[in-house]
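The values are calculated or read from the model by the stated rules, or taken from the named source; none is laboratory data. Worth saying up front: this structure is predicted, and the values here are computed from it rather than measured. We place every Cβ from the backbone using ideal geometry, glycine too, and count neighbours over all the protein chains shown.
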Amino acid sequence: MQKKLTSFVDDNEIPLLLDFLFNGLKPSADLPLSLHNDIQLAFRHFTEAHGEAAGGPRLSSARRYLAKIQEILHFGDSLVLLRRHRRANHRAYRLQRTASDVEEITIRDFLTLKEQLFASEENGREPIEINLAPFYDYGPSLRDPDTIGNGIRHLNRYMSANLSQSPEKWNLRLYEFLKLHHLHGTQLLLDGATVGSVEELENSLEDCVDFLERCEDPENLAAIGRKLEHLGFLRGWGDSRDRMLETFLLLQDLLEQPNEVTLEEFLSRIPMVSKVALISPHGWFGQHNVLGRPDTGGQVVYILDQAKALEDFLREDLRRAGLDITPKILILTRLIPEHEGTTSNLRLEPVEQTENCFILRVPFREKEGRVVEHWISRFRIWPYLDRYAREAEQELLAEFGGRPDLIVGNYSDGNLVGTLLSKSLGVIQCNIAHALEKSKYLFSDLYWHRFEEEYNFSIQFTADLIAMNHANFIISSTRQEITGTETSIGQYESYQFFTMPGLMRVTSGINLFHPRFNVIPPGVNEEIFFPYTEKSRRDPARGAELARSIFEDEDENSIGRLARPELPPIFSIARLDRIKNLTGLAEAYGRNEELRSRANLVVVASVLNPEHSKDAEEQAEIARMYEIIERHGLRPHMRWLGRRLAKEETGEIYRVIADRGGVFVQPALFEAFGLTILEAMHSGLPVFATAFGGPSEIIVDRQSGFLINPTVYEEMSGTVADFFAACEADPDHWLGFSERGLRRARENFTWGLYCRRLTRLTKVYGFWKYATSNLAKARMSQYTHLLHQLFYGERANRLPGGR
Ligand code: UDP
Ligand code: LCN
């Protein structure tokens, strides 16, 4: 379809826009493609050269137009532009040098042209084409991209509209759902033998409400129970007369005048969840001595805290339903016989501070059955997962004494195993990505063959496609994880369409408008991360020990001896991955003399001896850190602790830094969420965090912390230096940021809030799963099965451990 350029850009700006696009924007010879940032930068130079600021031609509509161009493919006399006109919405156009019309082309054509541009000997084959769009021609779909991330609301609306428009059909489903409801093998809620139809349910409900309202002995729950049973209502409606009455009234409302609020409220009271499986196969999963190892970071912290908080929440949820059931949570991971001082070789490990949560470990096996002894990088575990899922299923069934009520996958491997378990057991599946690799590495799809040897992205991205299209619901920690920001693409959004030339062309990989996406940010363990001001809860000995190791003697685990320990510390803690950019922070600090005179730098990361690291990327970062320290003469200004801190020490270290008027800096080049930022905020430590990724939804810039650009060193260090200067001028400046950060963390980021929402999602999506079994979903399942067998399995089996 032809479109006039004037429908995007003012008439008088078109000649200059064309001049910019065809002459000003110069791709490099081996990369005939410009990305959003390149385009913006080049346009800035172009307008400067044309003297826009000095009264030359104004190019405001061209600037607006270009701000939405995500990619440009250069074909000499023609260009192909990918325009992201809103979040999650892209259109592609072809533009000729001589024409002032643009031709809209399909996304499929866009991908095909891109493949032509990047054709090479390695990827000359025709790729297989993946298109999942037809499977989404059913059910509810969001329209407004700004509502993506609150799928539950849309789903409630959709289902309550159905209840009100087709009451015969939907009331029957609700009735059957209640009638079939079991937990731990016990029939709950409704006795189908006594209440045989929707009409009978309505009649019994009336009698029941009448009885409860007039009940003279509301404390006598045994007598109430007998009467309710006589009316056909079994256990599970509430733990008191009032609670039961509320629940029955909600059901009455729902049958008579349904709306989204009543539906969610009613479903949230149904005791549906008591056994939960949290799946995280790869890596070292344990409670001590695992953080900071390759592949093992925030995900482990997240899952352990989630399990603890969920147990508390479910216990209370079941109690309020009137049931005496102890919830059980199993964290399924890999058993690694060569455990290197961790507990990774134990089959079953109780989770500390819980009653009934365990880590269940199942080994990977070689094809002939031998257990794999050693740790394997998360990029190489793919050939083991099918068998692992089958064996883990048996172990889960045995430990739970039946099926779980919810399966939660974590990261690509956990989500794939979660999918296999959910398919096999018919249990509702939730996915949590933590961080998708695809957008972490520039051109991980286009240049997939360059990454393949080390990362095997072709397998991982297929696993992601399978799992994200099968999940009943997906939790993300931020909204931008799904749909990005105005200027950057979301992690899930990057799966909408992409090409891996010569391998696969994905024209529709995920439907972001499906209501499965929900944003629920995590919290922190508030037993460990609490404000520095709560002195009575702190362990003085631990604090003194940490202070000594930072501000006093140098030992074999640390580098640097602070010449002026009285200065406030700038603190950071992370694995020494390149993307965490701790070396960038050291470089920025080293270059800024003023900052060095105002504050010290304290970094907790990795090990000091590169030979003690197994990870090539980490070794390179260690070497770089030394180089920066020596080049800038940082030893008197910086302390680098090269060891992992135990959780309790991590909690206290933020407070020790806060005691001294310090700050926390998280300088990652990209961070999916960033638990350390939240930990610092909960401790009352002012935070500076990367503007790239999730932190921009944790922090309100210059209010509850600062967002920094970690790639512009002067800007990053300047923001921190300005802060310390402001603190010197106004002693309350530090306190203001400390208090506002703490308030924001407590009001928005807690596990209590998280568990309430996760449990509601499970119930609402659980009902939906039950109420809408349809053909399209079954076909989707068959299609992803094919993908799994023919594509994923085929490629995975070529890796060590495969066929
Ligand atoms: N952590 C720790 N000790 C260390 C290093 C890290 O306890 O020596 C913890 C840190 O407190 C945080 C987690 O590891 O809870 C890192 O999570 P984050 O989300 O910040 O990053 P990830 O490692 O997942 O990329
Ligand atoms: C993985 C990451 O990269 C972090 O940004 C998250 O905070 C962590 O997982 C927990 O979800």
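Descriptive notes on the structure:
- Take the conditions (1) assigned to a loop (DSSP other than H, G, I, E, B); (2) surrounded by 20 or more Cβ atoms within 10 Å (Cβ to Cβ); residue 262 misses just one of them, which is (1).
- Yes/no for residue 761 being of a type in the set (A, V, I, L, M, F, W, C), in contact (Cβ under 8 Å) with a residue 60 or more places away in the chain and part of a helix (DSSP H, G or I): yes
- Taking residues in region 292-310 that are within 27 Å of residue 327 (Cα to Cα) and touching a residue at least 12 places away in the same chain (Cβ under 8 Å), and partners anywhere that are within 9 Å of ligand 2 (Cβ to nearest atom) and in a loop (DSSP other than H, G, I, E, B), the pairs with Cβ atoms closer than 8 Å and at least 6 places apart or on different chains are 298/434; 298/673; 298/674; 299/434; 302/434; 302/522; 305/522; 306/522.
- Selection status of residue 662, of a type in the set (Gly, Ala, Ser) and farther than 18 Å from residue 575 by Cβ: yes
- Number of positions in region 127-174 that are more than 24 Å from the chain's Cα centre (by Cα), touching a residue at least 24 places away in the same chain (Cβ under 8 Å) and assigned to a loop (DSSP other than H, G, I, E, B): 4
- Residue, nearest to residue 793 (Cα to Cα), within region 373-413, restricted to residues that are in contact with a strand residue (DSSP E or B) (Cβ under 7 Å, 6 or more places away or on another chain) and in a loop (DSSP other than H, G, I, E, B): 404
- Of the residues making up region 619-678, those that are within 11 Å of ligand 1 (Cβ to nearest atom) and either of a type in the set (Lys, Arg) or on the phi > 0 side of the Ramachandran plot (or both) are 643, 644, 647, 674.
- Residue 378 being within 23 Å of the chain's Cα centre (by Cα) and of a type in the set (D, E, K, R): yes
- Of note, residue 393 satisfies the criterion of being at pLDDT 95 or above, away from ligand 1 (no atom under 16 Å from the Cβ), crowded, with 19+ Cβ neighbours inside 10 Å and among the acidic types (Asp, Glu).
- Residue count for region 71-97 satisfying the condition of being in contact with a strand residue (DSSP E or B) (Cβ under 8 Å, 6 or more places away or on another chain) and buried (at least 17 other Cβ atoms within 10 Å of the Cβ): 16.
- Number of the condition not met by residue 305 [criteria: (1) within 16 Å of ligand 1 (Cβ to nearest atom); (2) assigned to a loop (DSSP other than H, G, I, E, B)]: (2)
- Qualifying residue in region 587-594 (condition: of a type in the set (S, T, N, Q), within 14 Å of ligand 1 (Cβ to nearest atom) and either within 28 Å of residue 434 (Cβ to Cβ) or surrounded by 18 or more Cβ atoms within 10 Å (Cβ to Cβ) (or both)): no
- Residue that is surrounded by the fewest Cβ atoms within 10 Å (Cβ to Cβ), among those in region 638-653 that are away from ligand 2 (no atom under 16 Å from the Cβ) and in a helix (DSSP H, G or I): 648
- Note on region 726-737: among residues that are in a helix (DSSP H, G or I) and out of contact with any helix residue (DSSP H, G or I) (no Cβ under 7 Å at 6 or more places or on another chain), the one that is surrounded by the most Cβ atoms within 10 Å (Cβ to Cβ) is 737.
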